[in-house]
Each structure stands twice: as C-alpha cells, then as structure tokens.
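A short worksheet on the structure shown next.
Rule-based calculations on the coordinates, nothing more; no lab input. Computed from a prediction, not measured in an experiment: that's the story for all the values here. Quick reminder, even Gly has a Cβ in these numbers, built from the backbone with ideal geometry, and neighbours come from all protein chains shown.
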Amino acid sequence: MDMARIIDGKALAAGIREKVARRVALLKAEHGVTPGLAVMQVGDDPASRVYTRNKAKQTVEAEMASFKFDLAAETTQKDLLRKISELNEDSRVNGILVQLPLPDRIEEHAVINAIDPAKDVDGFHTINTGLLATGQDALVPCTPLGCLMMLRDALGDLGGQKALVLGRSNIVGKPMAMLLIKENCTVTVAHSRTRDLAAEVRQADVLVAAAGRPRMVKGDWIKPGATVIDVGINRVPIGEDEKTRLVGDVDFDEAVTVAGAITPVPGGVGPMTIACLLHNTVAACCRQSGIDLPED
Ligand code: NDP
C-alpha cells in the first residue's frame, strides 16, 4: 500500500521564521526599522492564553518588537476601542492582533474594523477581506495563508486543481476559498448544509478541512492521490482517564493510505499560522515604511 507524503508543517514554519528573522535583521541594518507586533487578549480563556503567549514569544525570537496586552475580562468595548486607537497611532506598532473569541458583550466586527487596515495582520478587517475577494494585494488571514504555502510546497502551481474547502468561517474557510480561486483552482465550499459531503470530497484533488469535527473525513471519501490539508484542532479523550490528544478533522490513519500528501495534526497547519503572522507583520512594516519587502 502506498502511503501519502507527510507535509511537515514544523519544518516549513521553521523555514518561514528564518526568512522573517533575516528580513528583520536587514530592515534594522539598512533602514533602522524594527517591525513591531501588538497582541491583545481580553479575559483569560486558557487556549487563547497559550496562543497569545506563543505569538509574543515567537515575535521576540524573530527579534521584532513585541507589545502584549492582557486586558481584564470586564474590559468594555469602549476601552478596547480606545486602546486600539492608541496602537493605530503608535509608530512602533506595525501589526495589531486582537485574539478571538472576544467576550459575548463585545462586538467582534466593531473591534476588528477599528484596527487600521494597514496594521491588520490577521487580515480580518472588512477592507482586507474585500481586497482579497477582489484579487487585490491584501493582508491575508494567517491560517489560510499557511495552508496555501503548504499546498504550493506540495504541488507547485495549483492552476486547474479541483479544490474542496470544508468550512465557511470568516477566519479559515472563506479566505481559503478566495486564495484558491486566485490560484486558479476550481473551488467548492462545503458546510453543514451540504448534501452528500462524501461525494463532494471524492471529486477533490485538493481538500482543505476546517470543520472542527474530529476525524469526520473518512479515508474512503478521499480521491486517491489527493493533497489533504487538515486545519482541524480537536481535543479528544483517550482511554478511561482524563488523558486527551489532538486530532484533526480528517481520519489521518485512513487518509494516509489514500492521499498523495497530507498534513499531520499536530505538526501540520498549526505551526504555520504563527509563522505567517510574523511574515504579515514584516510585510505590513515594509508597506508602512515605504520599503520593498526584502527578498532572500
Ligand atoms: P467554525 O466553527 O467557525 O466553522 C466551522 C465550519 O465547518 C462551518 O462553516 C460549519 O458549517 C462547518 N461544519 C461544521 N460541522 C460540519 C459538518 N458536520 N459537515 C459539514 N460542515 C460542517 O470553525 P473555524 O473555521 O474557526 O475552525 C475550524 C477548525 O480549524 C477548528 O477545529 C479550529 O480549532 C481549527 N483552527 C485551526 C487553526 C490553526 O492554526 N491550525 C486556526 C483556526 C482554526 P456552517 O457554516 O454551516 O455552520
């Protein structure tokens, strides 16, 4: 039985981080500019805490300026908007990220759209989603950008591939579909109301699974030789005790015997997301400073 090639997200992400660090060094040496990223969290959701800590840590490791704000759970929308407005004006800050989800009483769109679109390194601002949807230069959401980099690494040119995106969230599914259209794929977007999902998946040369449902995509749904990008991060119990492990939205053990290439969970899309955030921050810094993004 042929086994799929494993797409190594850890290694690819390390490569992106190295490139980011080289660009940061160049920007400092040749232009006297240090890219800066501000990461904000409201409340103390433990998963968000881990994500924001990792983002700040990797920003520092890339020798960029890191600004971290842990705001109390009671922070009002008005206070949050005031803080964002301060950061919009702060020239040391090139990228602003507000960790989602926000507490229910804070309106997510109002907060995201208060960020200066030029500093919106998560790419969620309506201006950036509009630019992406119309095929213009945009700051692109980090997770789909990471998926695209992995697909390019696995396949090279994506033109003409039939792609299925499972999930239509604003964070992953929709921007992923936009990116794949831009890459000249023929794109289908599936969601919870899709009829006969298995039949849709079977047609796809490229599958990006972002449904948040542990191992829902079975091996026999996958077209032999297809490239599978598994975005899902689901914690499932193992055995009787409290122990858990992370699994994707794809049944990896089944899929690996059918696919041509596949990302593992963990070690696939996950590490790419923060690497792309650092990349976006450097790109935003260059644009704000009127500097061409340095090539290798
Ligand atoms: P959302 O919950 O916002 O969206 C899930 C999407 O999947 C929705 O469009 C939903 O359809 C669809 N869906 C859910 N169940 C089914 C089903 N049974 N059949 C078909 N479609 C279904 O999730 P996100 O997009 O934010 O995240 C998706 C997954 O990716 C999660 O596991 C998340 O943890 C992970 N993730 C990983 C990241 C990383 O860095 N690796 C970053 C971001 C997310 P409908 O719209 O109809 O409800």
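Site pair Glu254 and Glu30 shows an inter-label distance of 5.1 nm when each label is modelled 7 Å from Cα along Cα→Cβ. Structure remark: mean-square fluctuation, Gaussian network model of the chain, C-alpha springs under 10 Å; the largest value among Ala284, Ala138, Ala114 belongs to Ala114. Let's test the formula: R0 of 30 Å, r as the Cβ-Cβ distance of Arg5 and Arg235. What FRET efficiency results, to the nearest 0.05? The calculated FRET efficiency here is 0.65. For the chain, the cysteines with no partner cysteine C-beta closer than 4.7 Å are Cys147, Cys185, Cys285, Cys286. Label separation (Thr186 vs Ala110): 4.5 nm, computed from points 7 Å beyond Cα along the C-beta direction. Annotation: amide H-H contacts under 5 Å for Ala226 (H modelled 1.01 Å from N, sequence separation of 5 or more, or interchain): Gly260.
Pairs from the table (Lys162/Lys223; Lys19/Lys174; Lys10/Lys55; Lys68/Lys119) lying more than 18 angstrom apart at Cα are Lys19/Lys174. At full extension, Arg82 and Asp157 could sit 22.6 nm farther apart than now, given 0.36 nm per residue minus the alpha carbon distance. Were the residues from Lys68 through Asp196 laid out at 0.36 nm apart, the gain over their Cα-Cα distance would be 41.6 nm. Between Arg49 and Ile127, the simple spin-label model (points 7 angstrom out along Cα→Cβ) gives 3.5 nm. At q = 0.28, 0.30, 0.32 Å⁻¹, what base-10 log of I(q)/I(0) does the Debye formula yield for segment 84-123 when every alpha carbon is treated as an equal point scatterer in vacuo? Scattering profile of segment 84-123, log10 relative to I(0): -0.98, -1.07, -1.16.
Considering only Cα atoms, the convex hull volume of segment 1-105 works out to 123 Å³ per residue.
Given the convex hull of the Cα atoms of the chain, what is a quarter of its surface area in nm²?
Hull-based average projected area comes out at 16.4 nm².
Sorted largest first, the spans of the alpha carbon positions of segment 82-238 along the three principal axes are 52, 39, 27 Å. When you filter the trypsin sites (Lys or Arg not before Pro) in segment 218-296 for DSSP loop state and at most 13 other Cβ atoms inside 10 Å of their Cβ, you are left with Lys243. As a rough guide to protection, the peptides 72-80, 54-62, 192-200 ranked by mean Cβ packing within 10 Å, highest first, stand as 54-62, 72-80, 192-200. Coupling constants for segment 152-165 follow from the phi torsions by the Karplus curve (6.51 cos²θ - 1.76 cosθ + 1.60, θ = phi - 60°), and in residue order they are 4, 5, 6, 10, x, 5, 9, x, x, 6, 8, 10, 10, 9 Hz; glycine and proline get x. Cut-off 20 Å, label point 7 angstrom out along Cα-to-Cβ of Leu246: give me the residues of segment 1-18 whose amide nitrogen falls inside. So the set is 6-18.
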